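Undergrad: Just dropping this structure here.
A short reminder: the numbers here are calculations on the coordinates, not readings from a lab. Predicted model, so just to flag it, every value in this text is computed and none were measured. Here Cβ is always computed from backbone atoms with ideal geometry, including for glycine, and neighbour counts include all displayed protein chains.
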Amino acid sequence: HSMTLKDIEAMPKELLLMDDIAPFLETNPQSLRSQAQADPGKLGFPVIVIGARVKTPKAAFVHFMKYGRTAP
């Protein structure tokens, strides 16, 4: 089955990897990592870039997907 936002919310961690959210966004994790490193603002949700690793706070990602903007 395809991943849902509820599946993302149920993940038992606070920081998500691009591998976690790529199936939900129906894209390749490497494409997300490349975008995060090149121009993270175009992703629309906050990311943390540490070298080649890219993570996103789960709560902020879920908020963005529900409301189309980042949390205040």
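Undergrad: May I ask you to list the lysines whose Cα is less than 20 Å away from that of K13, ignoring any residue fewer than eight positions away on the same chain?
TA: By straight Cα distance, K13 reaches K55, K58, K66.
Undergrad: A follow-up question, please. Counting only helical runs of four or more DSSP H residues, what would the 222 nm mean residue ellipticity of the chain come to if each run contributes -39,500 (n - 2.57) and the total is spread over all its residues? Walk me through the intermediate numbers first.
TA: Values: 4 runs with 34 residues, N = 72.
Result for the chain: -13000 deg cm²/dmol, rounded to the nearest 500.
Undergrad: Taking Rg/Rh (Cα atoms, Kirkwood Rh) as the quantity of interest, determine which of [x] 0.98; [y] 1.01; [z] 0.93 was computed from the displayed structure.
TA: [z]
Undergrad: Also, I was wondering about something else. For the chain, with only Lys/Arg (+1) and Asp/Glu (-1) charged at the beta-carbon, what is the dipole magnitude about the Cα centre, in debye rounded to 20?
TA: Numbers: 9 positive and 7 negative charges, 36 e Å.
It works out to roughly 180 debye.
Undergrad: Something else about it: Each residue of region 11-25 in order: what ³J(HN,Hα) in whole Hz does its phi give by Karplus 6.51 cos²θ - 1.76 cosθ + 1.60, θ = phi - 60°, with x for Gly and Pro?
TA: Working through the residues one at a time gives 4, x, 8, 8, 10, 9, 8, 4, 4, 6, 9, 4, x, 5, 7 Hz.
Undergrad: Order 58-64, 26-32 from most to least packed using the mean count of other Cβ atoms within 10 Å. Don't jump to the answer; show the numbers that get you there.
TA: On the way: 58-64: 17.6, 26-32: 13.0.
Per-residue mean Cβ counts within 10 Å order the peptides as 58-64, 26-32.
Undergrad: Counting only residues 5 or more places away or on other chains, whose amide H sits under 5 Å from the amide H of L16 once H atoms are built in the peptide plane?
TA: Hits under the 5 Å cutoff: T56, K58.
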